[in-house]
Amino acid sequence: MEFGYVVRRLLSAIPTVLLVTFMVFIAIHIVPGDVVDIMLGTQNYLTESQIEQLYTEYGLDKPLVVQYGIWVKNLLSLNLGTSLRTGRAVTELIRERFPVTLELSVFSLGFALLFGVPMGIISAIKRNRFIDNIVRIIGLIGLSSPSFWVGAIFIVLFSGTFQGFNLFGYVRPGVDLISNLQVMFLPSLTLGLMVAAQILRITRTSMLDVLNQDYVRTARAKGVSVRNVILKHSLRNALIPVVTLSGIQLGYLLGGTIVIENMFALPGMGRLLLNVVNERDYPVVQGIVLFIGILIVLLNIVVDVIYTLIDPRVELR
């Protein structure tokens, strides 16, 4: 049943992903200036025939629909093309940069769950009390604070307080794990706090709903301890909306780390995407958008499958 559901979801996602890539393809091409203009800059010593030859070499002399059709044709053979600026394969660039973005996203979601879920549970248990009001204010501040502003505050505080703390200069975990964790700590915390505020709110709402259910009141009436009521009877059912939000936020983090990666000089896909958009490196832009779109589809499917593990009553159709 689950296998058939996964296959149907994957097949239904193909038109959506292609539509997204087509919209991005059109958008990046209608932006003023193309890759040839940017490569030549203000000091242009080429003749008109030489410039036309560049357009022909890059396939930019064809109509946009034809260019997109060629890209889709190459995609069917799992060929994402090569960078117009560096000549490197797009798959190679993604494979090189994706681990950084994945590490940042996973750490950020980990911080978000570590802070958001416990605070949401406490807020629900202490509803309308002093600690509930404090937690809700913290959540509101987290939702209202832009990530780049929080990141800038962290950079100033840590650079002035902890002189030996590595803020910049990404090091792969296989090379130096301690330095890697230091460099990833602040950007992960910056993104994680923003997501934690959303997880806090959804956890609180979900817990309040579950705590008002008849089976929870019955458990309390039978003398079951508060700890068991929360952990065994309430939390598991309350986690379903949290799992949904976590999957959505992980997809957002994988595709939305551009600002933080540039702020902390992390060589991830977000920073790569910003650079190639500025350079009008069309094949790389298309490849990254396609890759992120597929990741989000897969994450949604994984979240749906996790539903059935948390609550066996949920059926995939």
Leaving ligands, DNA and RNA out of it, work out the accessible area of residue 8 with a 1.4 Å probe and give it in Å² to the nearest 10. 120
Which net charge results when you count Lys and Arg as +1 and Asp and Glu as -1 among the other residues whose beta-carbon is under 14 Å from that of residue 29? -3
Cα convex hull of segment 157-241: how many Å³ per residue? 151
Cα centroid distance between segment 56-79 and segment 105-157, in Å? 46
Using a 1.4 angstrom probe on the protein heavy atoms only, line up 49, 246 by accessible area, largest first. 49, 246
Dipole of the chain [Lys/Arg +1, Asp/Glu -1 at C-beta], most positive-end residue of 154, 55, 69: 154
Taking all protein chains as present, what is the carbon and sulfur share of the accessible area of segment 17-143, in % to the nearest whole number, probe 1.4 Å? 66
Which order, highest average first, do 207-214, 156-163, 24-31 follow once you tally other Cβ atoms within 10 Å for each residue and take the mean per peptide? 207-214, 24-31, 156-163
Mean projected area (nm²) of the alpha-carbon convex hull when segment 14-140 is viewed from all directions: 13.1
Apply 1/(1 + (r/R0)^6) to the Cβ-Cβ distance of residue 302 and residue 40, taking R0 = 45 Å, and write down the FRET efficiency to the nearest 0.05. 0.50
Just to verify a number: what accessible area does residue 55 come out at with the full protein assembly present, 1.4 Å probe, Å² rounded to tens? 50
Modelled FRET efficiency - R0 22 Å, residue 7 with residue 75, Cβ distances, 0.05 increments: 0.65
For every other residue with a beta carbon closer than 14 angstrom to the beta carbon of residue 94, add +1 if it is Lys or Arg and -1 if Asp or Glu, then tell me the sum. +1
Can you sort 34, 176 by 1.4 Å-probe accessible area, starting with the largest? 176, 34
Cα centroids of segment 176-223 and segment 12-32: how far apart, whole angstrom? 35
Could you tell me which helices of the chain pass both thresholds, a Cα extent of 27 Å or more along their own axis and a mean Kyte-Doolittle hydropathy of at least 0.0, with helices taken as whole DSSP H runs? 2-30, 90-125, 177-211, 235-255, 282-310
Segment 147-187 scanned against label point 7 Å out from residue 265 along Cα→C-beta; backbone N under 13 Å for 166-171, 183
Given a Förster distance of 41 angstrom, what is the FRET efficiency for residue 179 paired with residue 218, based on the Cβ-Cβ distance and rounded to 0.05? 0.15
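The values are calculated or read from the model by the stated rules, or taken from the named source; none is laboratory data. The shown structure was predicted, so the numbers you read here are calculated from the model rather than taken from an experiment. Please note: Cβ atoms are built from the backbone with ideal geometry, for glycine as well, and neighbour counts cover all protein chains shown. Surface areas here come from the heavy atoms of the whole protein model, side chains and all, with no ligands, DNA or RNA. Shrake-Rupley method; radii C 1.70, N 1.55, O 1.52, S 1.80 Å.
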